[in-house]
2 protein chains.
Amino acid sequence: MTQERRGRGRPARRAADEGPGARERILQAARDEFAERGYDKTTMRGIARAAGVDAALVHHYFGTKDDVFAAAIEVSFEPAMVVPQILGQGPAGIGERLARFFIGVWENPATRAPLLAIIRSALTHEAAAKVLRGFVLRRLLERVAGELDVPDPRFRAELAASHMVGIAILRYVIRVEPLATADPEEIIRIVAPTLQRYLTESDPDSPATSGGAGTGS
Amino acid sequence: MTQERRGRGRPARRAADEGPGARERILQAARDEFAERGYDKTTMRGIARAAGVDAALVHHYFGTKDDVFAAAIEVSFEPAMVVPQILGQGPAGIGERLARFFIGVWENPATRAPLLAIIRSALTHEAAAKVLRGFVLRRLLERVAGELDVPDPRFRAELAASHMVGIAILRYVIRVEPLATADPEEIIRIVAPTLQRYLTESDPDSPATSGGAGTGS
């Protein structure tokens with residue numbers, strides 16, 4: 001509170017509070033804290049301490065703990081970058097680009113840790129699930145869905161996302177073999193056609209793209 | 001320890017301890033306890049109390065807490081029933097049967113709660129992840145894989161499982177819309193061809209079944 005009024009009556013601050021780097025330091029600290037402690041045990045005070053700033057500055061920049069959590073998630077996904085990167089090149093090959101992007105994020109320990117923290121938090125705390133649902137999945141998926149030319153584009157985007165989330169859990173968290181040590185390229189090769197089908201085919205009921213009789217129905 | 005010797009020196013027991021129903025009552029209590037409290041906070045003593053038996057009887061039937069956890073998981077999956085039900089009818093339609101089975105398990109609140117508890121526990125406690133990895137996924141997936149006529153059958157079975165796990169998380173835990181309220185039949189319809197491809201096609205790289213490699217084999 002009263003973040004605007006500085007100086008008098010406030011605890012002494014370090015110079016680190018100021019400057020354009022503070023916001024980024026807070027976000028980085030938040031990601032580390034959420035990744036390490038989980039949603040429940042992370043506090044605004046702890047984030048501030050890790051970032052070397054006053055807790056009031058964290059409030060000033062982000063608002064509540066949920067808002068910091070959402071911002072930390074957003075940095076991990078970077079939808080502003082992700083969406084054009086995957087969708088910008090048109091529908092051909094979109095399945096492979098999406099698979100490659102997700103696997104790449106998960107293969108990188110620096111981005112894997114915060115994502116794991118997010119998923120763990122969302123699975124165990126309704127407050128975190130709500131943030132994930134509202135701020136990110138919705139925003140990210142809606143933007144992806146907005147670019148798709150299929151019926152129920154959000155549903156399709158969620159099906160694609162669900163597959164990538166499930167692979168992440170079995171490969172990186174539960175670590176079932178052989179999936180846990182499979183070559184990332186092998187995973188991308190097999191999963192890409194699935195994502196391609198969900199995101200671009202108007203009748204995903206038939207695995208054959210052709211006109212002829214599909215499998216189901 | 002010394003479960004064999006009863007009577008002298010042991011705390012008084014209730015009649016409920018005996019009889020063929022005790023094992024089932026313990027399992028049911030274990031599922032409830034794990035579902036309600038999570039892996040970490042569930043104790044052998046708490047399970048015994050909920051089942052109305054002596055803690056020594058829980059040890060006698062199951063061994064350690066991890067063993068009880070594994071047994072509770074196994075009851076949820078019931079691999080002995082699942083595997084013939086899904087695989088027994090040959091490769092045609094296996095994708096739809098698997099999708100239908102998984103969605104059915106998740107749609108039923110009685111089986112959903114323990115499964116959620118298992119996944120939550122495995123995501124937050126390495127001990128629980130190890131049990132899930134070792135006892136169940138391996139056993140269930142190995143049996144499924146043993147019936148498949150594709151290269152890397154376990155890898156394929158895990159990819160199929162990963163999709164169902166991811167759908168469960170997005171639909172039932174994080175509850176993103178429209179997936180959260182989608183008609184189960186619609187999910188089955190779209191996902192079945194993916195599972196079919198993973199479990200039966202020798203070259204899942206090409207979404208079109210055409211070419212030489214037939215589906216069934």
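Given the structure, is B:Gly93 assigned by TED's automatic domain parsing to the domain that holds B:Ile190 and modelled with pLDDT of 85 or more?
For B:Gly93, the condition - assigned by TED's automatic domain parsing to the domain that holds B:Ile190 and modelled with pLDDT of 85 or more - is met.
Against the definition (over 30 Å from A:Ser121 (Cβ atoms) and either at pLDDT below 75 or out of contact with any His (no Cβ under 6 Å at 6 or more places or on another chain) (or both)), how does B:Ala72 come out, yes or no?
Against the criterion (over 30 Å from A:Ser121 (Cβ atoms) and either at pLDDT below 75 or out of contact with any His (no Cβ under 6 Å at 6 or more places or on another chain) (or both)), B:Ala72 does not qualify.
Every residue in segment A:126-144 that is facing chain B (nearest Cβ under 10 Å) and surrounded by fewer than 18 Cβ atoms within 10 Å (Cβ to Cβ), please.
A:Glu126, A:Lys130, A:Gly134, A:Arg138
Residues of segment B:188-202 being of a type outside the set (D, E, K, R) and facing chain A (nearest Cβ under 8 Å), which ones?
Of everything in segment B:188-202, those that are of a type outside the set (D, E, K, R) and facing chain A (nearest Cβ under 8 Å) turn out to be B:Ile190, B:Val191, B:Ala192, B:Pro193, B:Thr194, B:Gln196, B:Tyr198.
When segment B:177-217 is examined, which residues are found to be assigned to a loop (DSSP other than H, G, I, E, B), under 18 Å from B:Phe155 (Cβ atoms) and at pLDDT 85 or above?
If the condition is that a residue be assigned to a loop (DSSP other than H, G, I, E, B), under 18 Å from B:Phe155 (Cβ atoms) and at pLDDT 85 or above, then B:Glu201 is the only one that fits.
Which numbered condition in (1) open to solvent by 20 Å² or more (accessible area, probe 1.4 Å); (2) more than 7 Å from chain B (Cβ to nearest Cβ) is the only one that A:Arg156 fails?
Among (1) open to solvent by 20 Å² or more (accessible area, probe 1.4 Å); (2) more than 7 Å from chain B (Cβ to nearest Cβ), the lone unmet condition for A:Arg156 is (1).
Look at segment B:30-49 and say how many of its residues are over 17 Å from B:Asp67 (Cβ atoms) and more than 19 Å from the chain's Cα centre (by Cα).
2
What is the one condition in (1) assigned to a helix (DSSP H, G or I); (2) touching a residue at least 12 places away in the same chain (Cβ under 8 Å) that B:Val150 does not satisfy?
(1)
Could you list all residues from segment A:154-166 that are without any contact (Cβ under 8 Å) to a residue 40 or more places away in the chain and in contact with a Leu (Cβ under 8 Å, 6 or more places away or on another chain)?
Of everything in segment A:154-166, those that are without any contact (Cβ under 8 Å) to a residue 40 or more places away in the chain and in contact with a Leu (Cβ under 8 Å, 6 or more places away or on another chain) turn out to be A:Arg154, A:Phe155, A:Glu158, A:Leu159, A:Ala161, A:Ser162, A:His163.
Here is a list of conditions, (1) away from every other protein chain (no Cβ under 12 Å); (2) more than 25 Å from B:Ala129 (Cβ to Cβ); (3) surrounded by fewer than 18 Cβ atoms within 10 Å (Cβ to Cβ); (4) at pLDDT below 80, and A:Leu87 meets all of them except one; can you say which number that is?
(3)
Test of understanding: among B:Ile174, B:Ile190, which residue is over 26 Å from A:Thr124 (Cβ atoms), open to solvent by less than 40 Å² (accessible area, probe 1.4 Å) and hydrophobic (A, V, I, L, M, F, W, C)?
B:Ile190
Return only the number of the condition from (1) at the interface with chain A (Cβ under 8 Å from one of its Cβ atoms); (2) of a type outside the set (Lys, Arg); (3) farther than 28 Å from A:Arg156 by Cα that B:Ile174 does not satisfy.
Just one mismatch for B:Ile174, condition (3).
Quick check, is B:Gly7 at pLDDT 80 or above and more than 15 Å from B:Val68 (Cβ to Cβ)?
no
The values are calculated or read from the model by the stated rules, or taken from the named source; none is laboratory data. Bear in mind that the values here come from a model prediction, so they are computed numbers and not experimental data. Neighbour counts run over all protein chains shown; Cβ positions are idealised from the backbone, glycine included. Surface areas here come from the heavy atoms of the whole protein model, side chains and all, with no ligands, DNA or RNA. Shrake-Rupley method; radii C 1.70, N 1.55, O 1.52, S 1.80 Å.
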